[in-house]
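The values are calculated or read from the model by the stated rules, or taken from the named source; none is laboratory data. Predicted model only: the values in this text are computed from it and were never measured. Calculation scope for accessible area: heavy atoms of the full protein, side chains included, ligands and nucleic acids excluded. Shrake-Rupley method; radii C 1.70, N 1.55, O 1.52, S 1.80 Å.
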Amino acid sequence: MKKISFLIFCLCVLILAGPMNALGENPGEMTVNGSASVALAADGCVLRLGVETENTDVAAAQRENARIMDNVIAALRDLGAVEDDLVTTELNVYSYTRYDTDENGREKRTDVYHVGNTLLVTIRDVKRAGEMIDAGVSSGANQLYGLTFTASGSAEAYDRALEAACADAFRKAKVTAAACGVKLGAVKEIRLPDIAQASPDSRGLYKSEANADTAAGTYVKSGDIIVRADIEIVFSIIPEDAAPGT
């Protein structure tokens, strides 16, 4: 009977020891985020110009729109834009009813057709952005949907930002591990966002009113492009008093 009791006791000890050894082999994890940014001077931009026309005859509205857009494209080509720099991104036609009153005060309903055409213009030299805008508007474009600055070295800047973000994550991990009384183990997982982040720095984007020369046409002053990289690293952690090899 004593032998059976002793065997049961030993079995219980082995069962309890199993999870403790497993915890020693998998001491835990720590997830740390790192981030960094690199500023680049913008050397190009993308302009979205539009032509919108209306007429009670849809065919007439389309013809007028096409005529004006041809003039806009010709003006931009005269300034050096090539075929690949000019891309139609949106073309739409819709109708609406306009309500007026005639000379007798009776309600008058008119069906009006609206035609819109949007042109994406890639400008290789950011210094010519204002000139391109003026050329497009003076030749008939009546919509300006926005101007986005770009930098040709964005890919290389992202690589530098990513290296700095990784160093930032390791620094945080080391400081945190030391403060918490644990040792930093191996890297278990690295997570990166799907898309690199690049955004314009709007500081100094526009010339001050006191210095603006309105006679020179549209003035465009580019800011920096901020390329940001983020990384998430999962580290294993080991208690300071853990025996070597555990």
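The shape of the stretch 52-137 comes out prolate: with a ≥ b ≥ c from the C-alpha gyration tensor, a/c is at least 1.5 and a/b beats b/c. Quick one: grab the alpha carbon gyration tensor of the stretch 45-97, order the square roots of its eigenvalues as a ≥ b ≥ c, and give me rounded if a/c is under 1.5, else prolate or oblate depending on whether a/b is larger than b/c. In terms of gyration-tensor shape, prolate.
Length gained on full extension, Asp100 to Val46, computed as 0.36 nm times the residue gap minus the Cα-Cα distance: 15.4 nm.
When Tyr158, Tyr145, Tyr94 are compared by accessible area of protein heavy atoms, the largest-first order is Tyr94, Tyr145, Tyr158, using a 1.4 Å probe. Potential lengthening of the chain between Ala60 and Val82 amounts to 5.0 nm, from the contour at 0.36 nm per residue minus the alpha-carbon distance.
Put the Cα centre of the stretch 44-82 next to the Cα centre of the stretch 168-194 and the gap is 55 Å. Here the Karplus curve 6.51 cos²θ - 1.76 cosθ + 1.60, taken at θ = phi - 60°, turns the phi angles of the stretch 125-140 into couplings of 10, 4, 5, 9, 4, x, 4, 5, 4, 4, 5, x, 5, 5, 8, x Hz, with x standing for Gly and Pro.
Could you give the accessible area per residue of the stretch 45-84, probe 1.4 Å, as a whole number in Å²?
52
Compute the Cα gyration tensor for the stretch 103-183, then decide on rounded, prolate or oblate, letting a ≥ b ≥ c be the square roots of its eigenvalues: rounded whenever a/c is under 1.5, prolate when a/b is larger than b/c in the other cases, and oblate in all that remain. Oblate shape, in that a/c is at least 1.5 and b/c is the bigger or equal ratio.
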